[in-house]
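Handing you this structure, nothing more for now.
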Amino acid sequence: MTQQVHVAVTRTVKPGCEEEFETSIRTFFANALKDSPTSGALLLMPFPGSYSRTYGILRSFPTEKDRQAFYQSDLFHKWEEAVKPLVEGDYARQNLHGLEAFFANPALVRHPPRWKMAIVTWAGVWPAVYVVSLLIGSRLVGLGNWFATGVATFLVVVILTWGVMPVLTRLVRPWLTSSTERWRAHTWIW
């Protein structure tokens, strides 16, 4: 089974060009989903009122071969040429692997060490599993282990994605990034 490939890209937009860049990239996202092997993309914008003009782009591909084909495609090269007047310099691109995709922060040059990401993930999973077990564990008895495990893990993932991990990564961000090289950390994706 092949694993999806995730890529984090940062672009710094010229002052006054933010709205045009956002419109351009949304159109590019739509075209890329139709005409390329892209399986998804997410635009991370600076917080309103911040002085940052750095945008993050998280893009997913079904395989490594699809990622290579996308970045070598005419569609990508044409967009790069079209957006040049709107941005400062070239883009920064980094492949994300495993837990790095969950801790993605386009404002950082490198991601936290894997051991730190593992500890934070465990610290989020443990209470989420405990709470789900307490709240619905007895209601799942008799539904079959396979189905009950599926329901429980679905709820844990939902709780982690929209509840626990956004708060937890924000709380421990200084510790997570203490050993990584920083690059004007104005935004955090959660």
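Nothing in this text is a laboratory measurement; each read-out follows from the coordinates by a stated rule. The shown structure was predicted, so the numbers you read here are calculated from the model rather than taken from an experiment. Here the Cβ is made from the backbone with ideal geometry for all residues, glycine too, and neighbour counts use every protein chain on show.
Which whole-Hz couplings ³J(HN,Hα) result when phi for each residue of the range 85-93 is put into the Karplus expression 6.51 cos²θ - 1.76 cosθ + 1.60, θ = phi - 60°, listed in order with x for Gly and Pro?
Computed from phi, the couplings for the range 85-93 are x, 9, 10, 9, x, 8, 8, 9, 10 Hz.
Please quote Rg/Rh for the range 5-96 to two decimal places, taking the Kirkwood radius as Rh and restricting both calculations to Cα atoms.
Working: Rg = 12.9 Å, Rh = 13.5 Å.
Taking Rg over the Kirkwood Rh, I get 0.95.
Calculate the spin-label point distance for GLN68 paired with LYS34, positioning each point 7 Å from the Cα along the beta-carbon direction, and give it in nanometres.
In this crude spin-label approximation the distance works out to 2.8 nm.
Using the beta-carbon distance between VAL158 and LYS14 and R0 = 45 Å, what value does 1/(1 + (r/R0)^6) give for FRET efficiency, to the nearest 0.05?
Numbers: r = 39 Å, r/R0 = 0.87.
Taking R0 as 45 Å, the efficiency between VAL158 and LYS14 is 0.70.
Obtain the nm distance between the two label points defined at TRP122 and TRP175 by a simple spin-label model: each point lies 7 Å from its Cα along the Cα-to-C-beta direction.
1.2
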